[in-house]
1. Sorted by accessible area (1.4 Å probe), largest first, how do LEU186, LEU46, LEU284 line up?
2. Only bridges with both residues in the stretch 119-237 count here: give the DSSP antiparallel percent, nearest 5.
3. Quick one: of the DSSP bridges fully inside the chain, what percent are antiparallel, nearest 5?
4. Quick one: what are the phi-derived ³J(HN,Hα) couplings along the stretch 8-23, Karplus 6.51/-1.76/1.60 with θ = phi - 60°, whole Hz, x for glycine and proline?
5. Taking 0.36 nm per intervening residue step and subtracting the Cα-Cα distance, what contour gain separates SER59 from GLN167 on full extension?
6. Separation of the stretch 238-316 and the stretch 21-63 by C-alpha centroid, Å?
7. I'd like the Karplus ³J(HN,Hα) series for the stretch 233-249: coefficients 6.51, -1.76, 1.60, θ = phi - 60°, whole numbers in Hz, and an x wherever there's a Gly or Pro.
8. Tally up the carbon and sulfur contribution to the accessible surface of the chain as a whole percent, 1.4 Å probe, everything protein left in place.
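The values are calculated or read from the model by the stated rules, or taken from the named source; none is laboratory data. Just so we're clear, the structure is a prediction, and the values are computed from it rather than from any experiment. Cβ sites come from the backbone with ideal geometry, for glycine too, and all protein chains shown count toward neighbours. Ligands, DNA and RNA are stripped out before the accessible areas are found, and what is left, the full protein with its side chains, is counted by its heavy atoms. Shrake-Rupley method; radii C 1.70, N 1.55, O 1.52, S 1.80 Å.
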Amino acid sequence: MEQQEKIYDVIIIGSGPGGMTAALYASRANLSTLVLERGVPGGELLNTAEVENYPGFDSIMGPELADKMHKSSMRFGADQAYGDVKRIVVDGAYRIVEAGKKSYKAKAVIIATGSYHRKLNVPGEDQYNGRGVSYCAVCDGAFFRNKDLIVVGGGDSAVEEGTYLTQFGDVNIVHRRDSLRAQKILQDRAFKNEKVNFTWDTVVEEIQGDGNKVTGVAMKNVKTGEVVQQNIDGVFVYVGILPQSDAFRDLGITDAEGWIETNEYMETAVPGIFAVGDVRKKTLRQITTAVGDGGEAGNRAFHYIEEWNDRYAVEK
Ligand code: FAD
Ligand code: NAP
């Protein structure tokens, strides 16, 4: 493992809305700050079509908001590096972040790794992933112009992204119950849209194809037990999210499902390790709440590092 020379005040893992805001607050408070990201800055914003519940913008496309957030959060001098973080090691007063063959040393770490999409776990899903099965309407929607689509799920993602997909064709939202979990405003909009149809009380049992691409699905009505086969070209899966926290489970900071537990200051049970955004155990996973968490953690890290410097007699 190649240990990097510079010791940072704070390392932020992940550059979605939570991580970017933490970087803004930490670097603006003059902390030496490193953001490690294993993909492109923006997190889930890059997979989001229209955002209309982030104050300051009546409506903005997710990727555009990601770009604006990234530019504004990096302007106080935070460093950035590519890194797929696999572990954090507590080394006395320091926290060592291991990413691939490199390791980075810091006084504090803010975990902002977000979540990933849950799979349906039905036959054909993996085989046809990227060949008719998609988890991202904004990335793949345009491939399905005038094609027959289904969207699976009944939460905000399924209903909002399903409605977005109607610009390419008719959309059938398949949900396992007879009422939606999505916010009322998203439901109302979908119900009013003539291009959105719903199939209630129904689960997808199999995604079928011709060996190269999706050609249909087998769906079962959970109330009647009836199984129907439907020819379709695309399946968009939006059945919930899971925490991106495997790398941190041995720290004892996650609950049974892997969500990271913090107090209101975003502090985990390990001093000097904070968590923000969707990866955190919380009730509302939104851009606004990720940003709020990031501000709190950046500010809290500043106070933690002041105390750290006093305790370990490091010159400021
Ligand atoms: P994320 O945005 O998930 O970012 C996490 C980042 O961490 C990613 O860039 C990832 O690559 C990186 N990362 C993960 N693991 C590692 C690792 N081990 N090493 C290095 N980097 C790592 N919310 C709204 O308020 N309005 C909306 O309209 C809206 N639409 C949505 C539409 C969809 C389809 C989805 C899925 C979500 C939507 N949300 C919306 C929710 C919102 O996107 C999230 O709440 C928000 O992005 C959470 O931010 P975050 O920073 O916690 O995590
Ligand atoms: P979610 O709210 O957990 O909804 C998941 C949906 O999938 C539920 O309707 C659930 O059914 C269904 N489901 C779960 N497992 C299934 C399975 N195996 N088979 C079939 N259906 C299954 O997830 P989400 O919609 O992806 O939202 C994730 C987070 O992002 C939420 O916090 C949400 O608020 C946020 N988000 C916000 C916006 C916005 O503000 N505009 C947009 C998108 C996402 P049940 O209802 O029966 O449980």
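1. Result, largest first: LEU284, LEU46, LEU186.
2. If we restrict to bridges inside the stretch 119-237, about 45 percent are antiparallel.
3. If we restrict to bridges inside the chain, about 45 percent are antiparallel.
4. Computed from phi, the couplings for the stretch 8-23 are 8, 5, 9, 10, 10, 9, x, 10, x, x, x, x, 5, 5, 4, 5 Hz.
5. In short, 37.2 nm is gained.
6. That distance is 16 Å.
7. 9, x, 10, 9, 9, 9, 10, x, 10, 10, x, 8, 9, 3, 5, 10, 5
8. 46 percent
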